[in-house]
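Structure record follows, encoded as structure tokens.
The values are calculated or read from the model by the stated rules, or taken from the named source; none is laboratory data. Everything quoted here is computed from the prediction, not taken from an experiment. Glycine also receives a Cβ, built like all others from the backbone with ideal geometry; neighbour counts cover every protein chain displayed. We work out accessible area using only protein heavy atoms, side chains counted, and drop any ligands, DNA or RNA first. Shrake-Rupley method; radii C 1.70, N 1.55, O 1.52, S 1.80 Å.
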Amino acid sequence: MDFDMLGLPPRLSTNLTALGITEPSPIQKQAIPHAMNGRDVMGLAQTGTGKTAAFGLPLLTALMRTEGKPEPKSVRGLILAPTRELAKQILDNLRAYSEGSSVRIGLVVGGASINAQVHRLMRGTDLLVATPGRLIDLIDRKAVRLDQTRFLVLDEADQMLDLGFIHALRRIAPLLPADRQTMLFSATMPKQMNEIASAYLTDPVRVETAPPGKPVDKIDQYVHFVPQGGKTAQLIEHLAKHRDEAALVFSRTKHGAERLMKTLVSEGFAAASIHGNKSQGQRDRALKAFRDGEMKVLVATDVAARGIDIPDVRYVYNYDLPNVADNYVHRIGRTARAGRDGTAIAYCSEAEMGELRDIQKLIGRSLPVAGGAAWSPMEETAPAKRGGGGKGRRRGGGGGGGGRKPQGAKAPAKAHGKPGGQPQRGRNRSRQRSKAA
Ligand code: AMP
């Protein structure tokens, strides 16, 4: 299948070819034919899958075929995105795809002059890419009207949920005509998304692609050197700081997992466990509770976690380091999905230095030390042969006095068990980023 077969106007096909985009990606193959037929679409797809073109090409096609100019202040198609950066990226892509056509695409996001935006909206816009907050400001100023907006796209809708998007959508959607085409794209489908879909979409076609691999170097990773007997206290300290965020804790043994889960429950955490001694029914219930957010902490063994669809988590704790280094990569791949922030923390006891070396060899770099100091000298790990981990990801090095330089023999006991500052700092930074809209 190529783009011509999808019935795009020649202008779009020519531009795509010039951009080196010749064959539709899986999400495009699935979504474009339905969207061109005017159907509502609900897409499970992440950045990098070509989703912008999946909704953008049918939109541009429809707008290129719409006669006349938009009325003053009106908007024919509206795309809502969670952050300024994403909105700008969508704008850039759609402008490139439609270059040379008469479709006028506008951008309204926070952080830029609202007066300039008011001015530009005055003459009417074919396609407007907006972050919800700024759009509402403009609606309040009566700078924009949506009563002629026949196309609505909600992009990265799951991220918008995190940003209180439902309130914005409740205000924005009723301003649009009921007779419109709506497309919703999201990297994950939390329960709330179905509620949004049933409220704002009509009989949507569902399309989805397999998530692309999660590169290990997108995940903030740290090691804490902590005695085996101090790991539980260390974990509790960390978990207590992030009670509202989903955490996955890996234990090497079934008994260890069960014991740890019970300790966490007795400490007041909403924790569940999955391991080989649990029945399928128990595992399913634990997973469901975790997925629904009733349980915030899931303690798992590698075998129990393999191949199951554990939702995206903010933190992965390697309570025990895995014997097989490959499992480290599988474990931490449960976080930082779909461009989100994710942190993986490894607790390394004196007996686990060998495992730590194997892991660092596999990922091609040393893990920044966020607490304690190495139990024995560690050779510097050369940057990546596999996985490309070294580049630019060393900012956290040395938070707890360790760092990636070879360490002296044992660290003073009091250094162990202290929470390092680095994960926290990384987190704040990303928080600031995601507030952009
Ligand atoms: P997106 O997932 O929409 O953010 O797109 C990721 C990147 O892939 C963008 O630079 C697109 O221009 C590009 N792209 C989109 N569709 C295709 C395709 N069918 N073939 C190759 N590249 C594409």
Checked the range 73-111 for anything in a strand (DSSP E or B), open to solvent by less than 20 Å² (accessible area, probe 1.4 Å) and among the aliphatic types (A, V, I, L, M); matches are 75, 78, 79, 80, 105, 108
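I'd like the full set of residues that are within 16 Å of the ligand (Cβ to nearest atom) and at pLDDT below 95, limited to the range 53-89.
Just the residues of the range 53-89 that are within 16 Å of the ligand (Cβ to nearest atom), to begin with: 53-61, 79-89.
Within the range 53-89, 81, 82, 83, 84, 85, 86, 87, 88, 89 qualify.
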Log entry, pairs with first residue in the range 37-50 being assigned by TED's automatic domain parsing to the domain that holds residue 8 and at pLDDT 85 or above, second being of a type in the set (Lys, Arg) and within 16 Å of the ligand (Cβ to nearest atom), beta carbons closer than 8 Å, six or more apart or on different chains, reads 43/51
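I'm trying to understand the selection: among the residues of the range 16-29, which are within 10 Å of the ligand (Cβ to nearest atom) and either of a type in the set (A, V, I, L, M, F, W, C) or not assigned by TED's automatic domain parsing to the domain that holds residue 53 (or both)?
If the condition is that a residue be within 10 Å of the ligand (Cβ to nearest atom) and either of a type in the set (A, V, I, L, M, F, W, C) or not assigned by TED's automatic domain parsing to the domain that holds residue 53 (or both), then 16, 19, 21, 27 are the ones that fit.
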When the range 30-52 is examined, which residues are found to be near the ligand (Cβ under 7 Å from one of its atoms) and assigned to a helix (DSSP H, G or I)? 51, 52
Would you point out which residue out of 240, 233, 289, 246 is among the small types (Gly, Ala, Ser), crowded, with 19+ Cβ neighbours inside 10 Å and assigned by TED's automatic domain parsing to the domain that holds residue 344? 246
Exactly one of (1) open to solvent by less than 10 Å² (accessible area, probe 1.4 Å); (2) within 16 Å of the ligand (Cβ to nearest atom); (3) not in a helix (DSSP H, G or I) is unmet by residue 128. Its number? (2)
Testing residue 7 on (1) more than 13 Å from the ligand (Cβ to nearest atom); (2) at pLDDT 95 or above; (3) within 24 Å of residue 204 (Cβ to Cβ), one condition comes back false. Which one is that? (2)
Conditions: (1) outside any helix (DSSP H, G or I); (2) open to solvent by 30 Å² or more (accessible area, probe 1.4 Å); (3) not charged (D, E, K, R). Residue 199 meets all but one. Number of the miss? (1)
